[in-house]
Each structure stands twice: as structure tokens, then as C-alpha cells.
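Every number here is computed from the coordinates shown, using simple stated rules; none is lab data. The structure displayed is predicted, hence computed values, not measured ones. Backbone-built Cβ (ideal geometry, glycine too); neighbour counts: all protein chains shown.
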Amino acid sequence: MNSRSTLAALTTAALTTLAIPASAFDLGSAAGILQNVNPTHIIDNAKKLGGMSQEEEIALGQKLAANLLGAVPLSKSKSRQRYVNRVGRWLAMQTERPDLPWTFGVLDSDSINAFAVPGGYVFVTEGLLRTMHSESELAGVLAHEISHVVQKHHLKALQKSAGLGLLTEVAVASVDNGNKRMAVDKVVNAGTELYARGLDKGDEYAADRAGVVVAARAGYEPYGLVAVLQTLEQLGGGDSRLSLLFKTHPAPQDRLKRLEQTMDGHLDTYAGQAQLDARLRKYLGKG
Ligand SMILES: [Zn+2]
């Protein structure tokens, strides 16, 4: 993403939202995560040029998310799920893909991690939430993950490893259909492998740059992601809670260096925007 043109767009964007409006707080929780999409309703418009239709992407993401959730359960705290969904959906509304069925889930895990799945599914662990000091930090992390979905990073990586034909076939497949079962397994395995290995570093830096802009556009102080990366750097590679995140992402100090180069004073206009540390404490039951 060209940071200068993005920043120009930022200034013209309605930055009237210094705080999240009440309407953004009326959204449902992650409880409906697997009921958002009914694969039988998918219209087969796979013939579209340039890849999968949005419906297929959502259906594929649903299968991948279901598989990943099989490994780590969602947190039982409904208020946390609701809070993270409100913040996440408000951020997603500022992107080029506001119409995806954006769903955010808090994972019941002490490990420090967050990840995104095609179609608009974003997960953050309890362990990562516990390291945060303000809602702008949460926004920075969610906006990074949202940017992976907006830029279709995982989808493109899966197309490379599994092939577009197979992905499309699996997106429209019913799991009950024995003939498609093997294809589904193959793609789910490719997904599991991708989430263990991580994306290309270039995709991570791109999500950092775009995420900062999305957070600023949503009315947040844009250094939230920077603050989280500083925390990760301080915790260091010796912390076992960070092993997967460190394995799948460039080192925090490299990400910080790149972000500093990109931001380099450009976002100072937005430095006075909302941090909302008290609201994070209130909803996450901290302090
Ligand atoms: Zn990432």
C-alpha cells in the first residue's frame, strides 16, 4: 500500500469519530460465529475472473475457522467477546471491505497471539489481551489482522499451496458429501500448515502499515500497534507464550523499525486521538 496516498485519503476521511458511537456497540457476540454463513446458500459464481467470489471466500474461511477453533476454544466471557466484536467491527467499517460478515473471537488461551482467517474471521487470545493497556492497542492489533483479510493474504497463500480450483471446490462443498470430504481435508490441512508457518514477511509489514491507517481512520491514536510491538519486544523470544507468534511473524524490532520509517511524523496529526485505556480496563475487567 502506498502510505502517502493512504494518508491523503485519511485526511479526507471523516475523522469526526473521536470515540466509537453507541451504535457500534449494538452488535452481536462471537457466539454466532459458525452460524453466519450457510454454505447451501452460496451462489456458484466461481467463474468470476481473478479468483474466488466473496461468498466462496466466506464459506472457505468458515471451514478454516471451525478447524482452528477445534484446537483452541473461545473464551466463555460473553462481555469480552462483545467488546472485542464492537471494536473490531467499527474498525472493519473503515476498510475497503465493510460488507464482510466480520466476526471477532477471544480465544481461551494464555499464549500471546492473534490471527485472521479469510472471509472476515479474526481471533485474539486472552493472553494477548492481558498485555494491553488501552483500547487503541487492541484496535492496533485488530486492524493489523483485519488488513490481512482485506488484502487477502491468507487466501492468496492458500491459492498458491492448494490451488484455486481446489479452494473453490471446497468452498461450495458440503462436509457431508463423501466425494468432497478428501478435498476439504486437503485444504484444511493446507490451512493448518499455513497458520503454523505464517505468511510472507512482506505481508506482515503490509498489514502493519495498513492497520495503523485503519486505526487512525477509526478515530484511535495511531500508535496502539507500536505500543503492543514494544511490549512484545520487552517480553522477548524467551517467553514461551510468544513462541508461535515469534515463529510466524518478523521480529518486533524489525516491525517497529519499518513502521517508524512509514509513519515518520505523518500520523502526528492523529496522535491526540482516542486511547481509551479506562474503557479497555472496564470491559476486560482489569485493574
Ligand atoms: Zn500478521
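Structure values in brief
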quantity	calculated
Cleavage-rule hits (GluC sites (Glu not before Pro)) in segment 61-159: DSSP loop, at most 14 neighbouring Cβ within 10 angstrom	E96
Dipole-positive endmost among L167, A218, A251 within segment 158-287 (Cβ charges, Cα centre)	L167
Projected label distance in nm at K186 and A271, using a 7 Å step from Cα toward the beta-carbon	5.4
Backbone HN-Hα couplings from phi across segment 261-276 [Karplus 6.51/-1.76/1.60, Hz, Gly and Pro as x]	4, 5, 6, 4, x, 5, 9, 4, 4, 9, 5, x, 6, 5, 9, 6
Within straight-line cross-link reach of K282, lysines at Cα separation under 20 Å, skipping those fewer than 8 residues along the same chain	K76, K78
Distance (nanometres) between label positions extended 7 Å along Cα→Cβ at S161 and K282	4.2
³J(HN,Hα) computed for each position of segment 98-106 - Karplus, 6.51 cos²θ - 1.76 cosθ + 1.60, integer Hz, glycine/proline x	x, 8, 5, x, 4, 9, 10, x, 8
Placed amide H near G105: partners under 5 Å, 5+ positions off or other chain	V122, F123, V124
